[in-house]
1. Quick one: Debye curve from the alpha-carbon atoms of the chain only, equal weights, vacuum; give me log10 I(q)/I(0) at q = 0.14 Å⁻¹ to two decimals.
2. Just name one of MET101, VAL43, SER172: the one whose Cα is farthest towards the positive end of the charge dipole of the stretch 6-279 (beta-carbon charges, Lys/Arg +1, Asp/Glu -1).
3. Quick one: Cα centre-to-centre distance for the stretch 229-249 and the stretch 191-209, in angstrom?
4. What net charge is computed for the residues neighbouring GLY236, neighbours being all others with C-beta under 11 Å from the C-beta of GLY236, Lys and Arg scored +1, Asp and Glu -1?
5. Please compute the length gained on full extension between LEU217 and LYS195, using 0.36 nm multiplied by the number of residues separating them and subtracting their Cα-Cα distance.
6. Which one, ALA186, ALA52, ALA105, has the greatest fluctuation when you compute a Gaussian network model over the chain with C-alpha springs under 10 angstrom?
7. Taking the Cα centre of the chain as origin, sum charge times position over the Cβ atoms of Lys and Arg (+1) and Asp and Glu (-1), and report the length of that vector in debye to the nearest 20.
8. So what is the relative contact order for the chain, in percent, with contacts set as C-alpha pairs under 8 Å and at least six apart?
Amino acid sequence: MKKITLDSIVEAVNELPALPHVVVRIMQLSEDPDSTVQDISNVLNQDQAMTARVLRLANSAFFGFPRRISTVTDAIVFLGFKTIRSIVLAVSVSNILDREMEGYALEHGELWRHSQCSAIAARMIARKCKFGSLDLAYTAALLHDIGKVILNDHMKEAYHEVVARVDENNISFMEAENEVFGFNHAQVGARVAEKWNLPPELVESIALHHSPQDALLNQRLTSIVHLADAICVSMGIGIGIDGMLYPLSDEALKLLDFDEIEVEKTISELVDVFADQQSF
């Protein structure tokens, strides 16, 4: 196997497309206290495909509005600026995540379904444990595995070596990635988040989503992403070659005051949302 370096990975990250102008502008407007509903609506209406997908998600079972949302303006009013920002970001990265990941044994669309499931689960967990920003939790979980997109081609070549190390050395999949590559998919994902100028606590939650106890900036956010990821894997969504090879952090469960009953409740709620294909 050809040896890869962190420099070559950084180069691959730099080759990823930048976030579309519409997404960047909406992220800016959502943080501007002087922005109006009309400002965001005007920007979003510049992209008809984006508008259609935002409305589809806004009308999904996940948000559960009793009446149909038919315009962008209504969606912004009902959902709020930050939720619209999360949805717009989700729509824009879906094309990156919605592809076959042969290196991780994920079929076409499976990584996207796992990412979206994790994002929805994270929002539910954040609400249950009274975390300050539901939309930050959603976005962090949505992007937690984006490093796999970059490492995918290399993992195709290294698959057998990584899995052998897991079995022989009794270590997690990520530890095996570290041994073979010198870094792991979570660290690479954090590089992508940095490239897109996402907040430092969100970058940290991606980098440490398999080891939330090491988080310094926002351990609760990282723990939410960790638990959301684990719940979706336990449901069989996006298992791939590595899904069952990470330990669940007892410390994260304790920090979030989550027990087995709360986990089961969250899974039950997710099953209902997952039945509605508009959520994905």
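A short reminder: the numbers here are calculations on the coordinates, not readings from a lab. These numbers come from a predicted model, not from an experiment. When we count neighbours, we look across all protein chains shown, and the Cβ atoms used for this are built from the backbone with ideal geometry, even at glycine.
1. Ignoring solvent entirely, the Cα scatterers give -1.00.
2. Most positive-ward Cα: VAL43.
3. About 21 Å separates the Cα centre of the stretch 229-249 from the one of the stretch 191-209.
4. Neighbour charge sum, excluding GLY236 itself: 0.
5. Full extension of this stretch gives 6.0 nm more.
6. ALA52
7. Working: 23 positive and 40 negative charges, 202 e Å.
So the magnitude is around 960 debye.
8. Numbers: 400 pairs, mean separation 56.7, N = 280.
This gives 20 percent for the chain.
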